[in-house]
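One structure is given here, and the rest of the page talks about it.
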Amino acid sequence: MKTVLRTRKAKKGLSGAVTALILVIASVIITLVVVGFAFGLFGAFGGTPTVTQVGAGSMSSTGVATFTVKSTGTVQILSAQLVGTNYTAVNVGQTLTAGENTVTLTFTGFTPQAGSTYTISLALSDGATAEISVIAQ
């Protein structure tokens, strides 16, 4: 009987408490990673960039619109149209990078009324659209 007890004690291994602690720590880490991805805390790994206007945009009497947008990632402007009209910008293709970007678009042939507010719809390379407001000068 003593040989059986000695054999059992001679075996090395982790105690039950240490094993349970390791499992709890691992499950907490896995939970934090899943929650992080679910709520977009790891923006660098996935998701599409969002583009939002910063401040007020302006449009000159010759149809040149200038505005600032903030982007959360890299995306390209594919087209720009004045909402409610058939006018589209002729100089699209600008790439927006993460952070603030100043954009200048020219709407050839369009003569805005001073003091009026116009909405520009930007079509972006990720399939999203952004609505931008500009005030004619």
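Out of all the residues in the range 26-64, which are modelled with pLDDT of 80 or more and farther than 30 Å from residue 81 by Cα? Can you show your working first?
Quick first cut of the range 26-64, residues modelled with pLDDT of 80 or more only: 26-35, 49-64.
If the condition is that a residue be modelled with pLDDT of 80 or more and farther than 30 Å from residue 81 by Cα, then 26, 27, 28, 29, 30, 31, 32, 33, 34, 35 are the ones that fit.
Which members of the range 65-108 meet the condition of being among the β-branched types (Val, Ile, Thr), touching a Pro at 6+ places or on another chain (Cβ under 6 Å) and not in a loop (DSSP other than H, G, I, E, B)? Don't jump to the end; show me each part of the working.
Just the residues of the range 65-108 that are among the β-branched types (Val, Ile, Thr), to begin with: 66, 68-69, 72, 74-75, 77, 83, 85, 88, 90, 92, 95, 97, 102-104, 106, 108.
Now drop any that are not touching a Pro at 6+ places or on another chain (Cβ under 6 Å), which leaves 72, 75.
Matches in the range 65-108: 75 only.
Can you confirm whether the range 38-46 contains a residue that is in contact (Cβ under 8 Å) with a residue 24 or more places away in the chain, over 19 Å from residue 126 (Cα atoms) and either surrounded by 12 or more Cβ atoms within 10 Å (Cβ to Cβ) or out of contact with any Cys (no Cβ under 6 Å at 6 or more places or on another chain) (or both)? Walk me through how you get there before you give the answer.
Step one: of the range 38-46, the residues in contact (Cβ under 8 Å) with a residue 24 or more places away in the chain are 43.
Adding the requirement that they be over 19 Å from residue 126 (Cα atoms) leaves none.
No, there is no match, as no residue in the range 38-46 is in contact (Cβ under 8 Å) with a residue 24 or more places away in the chain, over 19 Å from residue 126 (Cα atoms) and either surrounded by 12 or more Cβ atoms within 10 Å (Cβ to Cβ) or out of contact with any Cys (no Cβ under 6 Å at 6 or more places or on another chain) (or both).
Has the range 114-134 got at least one residue that is hydroxyl-bearing (Ser, Thr, Tyr), exposed (fewer than 14 other Cβ atoms within 10 Å of the Cβ), in a loop (DSSP other than H, G, I, E, B) and touching a residue at least 24 places away in the same chain (Cβ under 8 Å)?
no
Give me the residue from the range 67-85 that is within 17 Å of residue 134 (Cα to Cα) and free of Cβ contacts under 8 Å to residues at least 40 places away in the same chain and, out of that set, surrounded by the most Cβ atoms within 10 Å (Cβ to Cβ).
Looking at residues that are within 17 Å of residue 134 (Cα to Cα) and free of Cβ contacts under 8 Å to residues at least 40 places away in the same chain, I get 82.
List, please: which pairs have Cβ atoms under 8 Å, are six or more places apart or on different chains, and start with a residue in the range 87-98 that is touching a residue at least 24 places away in the same chain (Cβ under 8 Å) and surrounded by 12 or more Cβ atoms within 10 Å (Cβ to Cβ) and end with one that is among the hydrophobic types (A, V, I, L, M, F, W, C) and part of a loop (DSSP other than H, G, I, E, B)?
Cβ pairs passing all conditions: 87/107; 87/110; 89/107.
The values are calculated or read from the model by the stated rules, or taken from the named source; none is laboratory data. Small disclaimer: the values here were computed from a predicted structure and weren't measured. No Cβ is skipped: glycine too gets one built from the backbone with ideal geometry, and neighbour counts run over all protein chains shown.
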